[in-house]
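The values are calculated or read from the model by the stated rules, or taken from the named source; none is laboratory data. Bear in mind the structure is a predicted one, so any value in this text is a computation, not a measurement. All Cβ positions, even for glycine, are placed from backbone atoms using ideal geometry, and neighbour counts span all protein chains on display.
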2 protein chains.
Amino acid sequence: MAGGGQLARMTQQAAIALGVSLRVLAGSADDSAARVTPGTSVGDDRSEADLTAFAADCDVLTFDHEHVPGPHIEAVEASGVPCRPSADALRHAQDKLVMRERLSGFGAPCPAFAPVPDRAALERFAGEHGLPLVLKATRGGYDGKGVWVVKDLDDPQVAELLGQDVPLMAEEMVSFRREIAALVARSPYGQGAAYPVVETVQEDGICVEVIAPAPGLSSDRAEQAQRLALDIADKLGVTGLLAVELFETEDGLLVNELAMRPHNSGHWTIEGARTSQFEQHLRAVLDLPLGSTEPAARWTVMANVLGGDDLDLYSRYFHVMAHDPGVKIHFYGKHVRPGRKIGHVTVLGDDLADLRERARHAADYLRWGPAMADRATAKENAG
Amino acid sequence: MAGGGQLARMTQQAAIALGVSLRVLAGSADDSAARVTPGTSVGDDRSEADLTAFAADCDVLTFDHEHVPGPHIEAVEASGVPCRPSADALRHAQDKLVMRERLSGFGAPCPAFAPVPDRAALERFAGEHGLPLVLKATRGGYDGKGVWVVKDLDDPQVAELLGQDVPLMAEEMVSFRREIAALVARSPYGQGAAYPVVETVQEDGICVEVIAPAPGLSSDRAEQAQRLALDIADKLGVTGLLAVELFETEDGLLVNELAMRPHNSGHWTIEGARTSQFEQHLRAVLDLPLGSTEPAARWTVMANVLGGDDLDLYSRYFHVMAHDPGVKIHFYGKHVRPGRKIGHVTVLGDDLADLRERARHAADYLRWGPAMADRATAKENAG
């Protein structure tokens, strides 16, 4: 697996059960996955030399992010080591414009979009679809980075963005009820498997909570989302996981983003589904038969733990574990930085409101902790 | 963790989620846990020098087996590194006679027993409790090794055993309905947690199947078994897990064996309980609050995968995974030897008969595989 982040780290847990020897190419021996995986190679997965040297010892290569350049992946494929997903499939998760053009080409529902090579193109799009609109870097963005809402074409930021050497595209601003995600797997053999469709709750462009299954989603619409994701996986020749982030609008579903790897919207499957997304990705990548996606409980709620400004996260385990013996903690062993995803918590059961409260409490407490709570109280008292 | 077997390997999976840096002292870099744990120390955990050198880098020391000599553990304790369980607690899992004497001392129900320093003692015991009786090496046995059923005192094997320099004890032959096991955890803080009581099915002295909860066990008797295990953990000062293997007889429960570590009878908890025994052991050993032992399904069935004479286990994944997408495979990455525990499978659901059939099919197939099945068919056809 190229990339040593938390997705590779959690894949290692699944690899241990299957008896599969996972090898990781990580940027540093201190990376999240490198800390838990023996024989990690330290190197740059965006360097062709490092990637091909690493892949030479592997039976199959996969990725924990979408930033490995396509030509390097093609070089590995040419050396005889299969890459799953392939460079050809992966570019639809690497380039938003390529993705939009391809998906629209076979009729998958997308927001209106257009490439923005210059100001004239932007003005044309605004004339047709109105303001505000969404301006995106076609490559490299994640967690809300590389995405700008444009309310006024004369905003100096617009000129600044147009003046940089970054390929841009425009999309209509979608008025959506909520965001949902459909996670599927597809094996080289062509087998597909779809997980229950989930609701993802975002704050400041970062996913903070996932509810499985999406509350109140009609079975027709859930099936439509699953079919759409399986169809995209098939048409794009995806091997491994495919997460399709969707807007649910008054009129139906629109595709927002694609990811071809284990995805934050699927962390709930570790405890909440019979087969975790990490095991499923391994099975698909190894061309093994896919596992059951059956849910383990009526509801599963996952909340991301974001870094606060207290470095000692471990001491907060005491409160969270004593308060709620049923909460499952996943900590990624990453350096704590404010706002960075450093872990997640999961709870399962029958009472959704209670589960959401429990997940939020645990995630908030692990983020803020007693030190920060004391500080907040002190501030309140002072104010 | 001293010892690099499958228990340490599966503990690594739990350590990854908790963000705990598990270090392993393994006999070889090829050991089950060494293959999946970075920074494994290779050494002999029965050597005081190797053990104390390893422990010097640890915050707390625990064990994946009971064969580390007590004085070495005491040396580590004296160096200021806590050992959980302590040498004092662990000797009750190391020496069957010490265990019997201590448990009988506080009224825990045990079979009749006596030390057998010589033939006279054996004759005395046989005179009192009849034949057959059970002769045991007080130390070092597992999976039926070190246990002999004596039907006739004049059996040459008896003279042979008495002539060796192995401390022996005798126990009455218990006529039991079935074997059950109670798994509990106890933290240094004194918190206790009990898992549902399970039935263990043995063949040739090796556990082949575990059913959780034990079918048809009255809630009174289940509670009695849990209380007994918590009471033993408390009286012996166990820190970490304690598995109490019990005989269920017409008259009630009798203690068979103790183990102070994750135990084969608890592998079902990985998927079948909210907190796996491996996470629970880590929590207890680290003096964190214990996790929920709530079951994840009505029934969970675990079947051990024993080595057959075909070394290529992986190729059998295809059949088992395609046949049953819900079966959970755990393979320990150990060299395959006939009869050796090399993995296990787990299934969860509502229909116990169906689950047992599915678990047995998967475990048998992973053991025997198509190659052996073909051979069996060829033999049948030939015969």
| note | Of those in segment A:1-11 that are out of contact with any strand residue (DSSP E or B) (no Cβ under 8 Å at 6 or more places or on another chain) and more than 16 Å from residue A:60 (Cα to Cα), the residue nearest to the other protein chains (Cβ to nearest Cβ) is A:9
| message | Please go through segment B:26-57 and give me each residue that is in a loop (DSSP other than H, G, I, E, B), within 12 Å of chain A (Cβ to nearest Cβ) and at negative phi, ordered by number. | response | B:29, B:30, B:31, B:32, B:33, B:37, B:38, B:40
| query | For segment A:76-90, what are the residues that are crowded, with 20+ Cβ neighbours inside 10 Å and not in a helix (DSSP H, G or I)? | reply | A:83, A:84, A:85, A:86
| task | Among what's in segment B:195-244 and is within 28 Å of residue B:338 (Cβ to Cβ) and among the acidic types (Asp, Glu), pick the residue that is modelled with the lowest pLDDT. | result | B:204
| Tell me, which residue of segment A:6-38 that is hydroxyl-bearing (Ser, Thr, Tyr) and under 18 Å from the mean Cα position of the chain (by Cα) is nearest to residue A:64 (Cα to Cα)? | A:11
| Does residue A:57 count as modelled with pLDDT under 95 and acidic (Asp, Glu)? | yes
| said: Being among the aliphatic types (A, V, I, L, M) and either assigned to a strand (DSSP E or B) or free of Cβ contacts under 8 Å to residues at least 40 places away in the same chain (or both) is the filter here; which residues of segment A:160-180 pass it? | reply: A:161, A:166, A:168, A:169, A:170, A:180
| Considering only helices (runs of 4 or more DSSP H) fully contained in segment A:188-288, which possess at least 3 residues that are in contact with a Ser or Thr (Cβ under 9 Å, 6 or more places away or on another chain)? | A:269-272, A:277-285
| note | Residues in segment B:21-56 that are in contact with a helix residue (DSSP H, G or I) (Cβ under 6 Å, 6 or more places away or on another chain) and not small (Gly, Ala, Ser) total 11
| query | Can you tell me which residues in segment B:316-367 are within 8 Å of another protein chain (Cβ to nearest Cβ) and assigned to a loop (DSSP other than H, G, I, E, B)? | reply | B:325, B:326, B:332, B:333
| note | Note: among B:279, B:294, just one is farther than 24 Å from residue A:194 by Cα and free of Cβ contacts under 8 Å to residues at least 40 places away in the same chain, namely B:294
| task | Go through the residues of segment B:98-115 one by one and say whether even a single one is among the hydroxyl-bearing types (Ser, Thr, Tyr) and either outside any helix (DSSP H, G or I) or in contact (Cβ under 8 Å) with a residue 24 or more places away in the chain (or both). | result | no
| Quick one: which of B:229, B:225 is more than 12 Å from residue B:198 (Cα to Cα) and in contact (Cβ under 8 Å) with a residue 24 or more places away in the chain? | B:229
| note | Filter segment B:322-334 for residues that are out of contact with any Lys or Arg (no Cβ under 7 Å at 6 or more places or on another chain) and without any contact (Cβ under 8 Å) to a residue 60 or more places away in the chain; the one that is farthest from residue A:18 (Cα to Cα) is B:323
| task | Return yes when residue B:14 is touching an Asp or Glu at 6+ places or on another chain (Cβ under 8 Å), under 19 Å from residue A:16 (Cβ atoms) and modelled with pLDDT of 95 or more and no when it is not. | result | yes
| message | Being among the small types (Gly, Ala, Ser), more than 11 Å from chain A (Cβ to nearest Cβ) and either out of contact with any Phe, Trp or Tyr (no Cβ under 8 Å at 6 or more places or on another chain) or over 18 Å from residue A:17 (Cα atoms) (or both): is that true of residue B:259 here? | response | yes
| message | If I go through segment A:262-283 residue by residue, how many of them are more than 14 Å from every other protein chain (Cβ to nearest Cβ), under 25 Å from residue A:355 (Cβ atoms) and touching a Pro at 6+ places or on another chain (Cβ under 6 Å)? | response | 1
| message | With the requirement that a residue be in a strand (DSSP E or B) and of a type outside the set (Gly, Ala, Ser), what does segment B:119-141 give you? | response | B:133, B:134, B:135, B:136, B:139
| said: Within segment B:284-293, does at least one residue satisfy the condition of being away from chain A (no Cβ under 11 Å), under 23 Å from residue B:20 (Cβ atoms) and either of a type in the set (Val, Ile, Thr) or surrounded by fewer than 23 Cβ atoms within 10 Å (Cβ to Cβ) (or both)? | reply: yes
| request: Select, from A:93, A:14, the only residue that is within 14 Å of another protein chain (Cβ to nearest Cβ), surrounded by fewer than 24 Cβ atoms within 10 Å (Cβ to Cβ) and in a helix (DSSP H, G or I). | output: A:14
| task | Kindly indicate whether residue B:70 is touching a residue at least 40 places away in the same chain (Cβ under 8 Å) and either within 11 Å of another protein chain (Cβ to nearest Cβ) or not aliphatic (A, V, I, L, M) (or both). | result | no
| task | Answer with yes or no whether residue B:239 is within 14 Å of chain A (Cβ to nearest Cβ) and either crowded, with 19+ Cβ neighbours inside 10 Å or under 20 Å from residue A:321 (Cβ atoms) (or both). | result | no
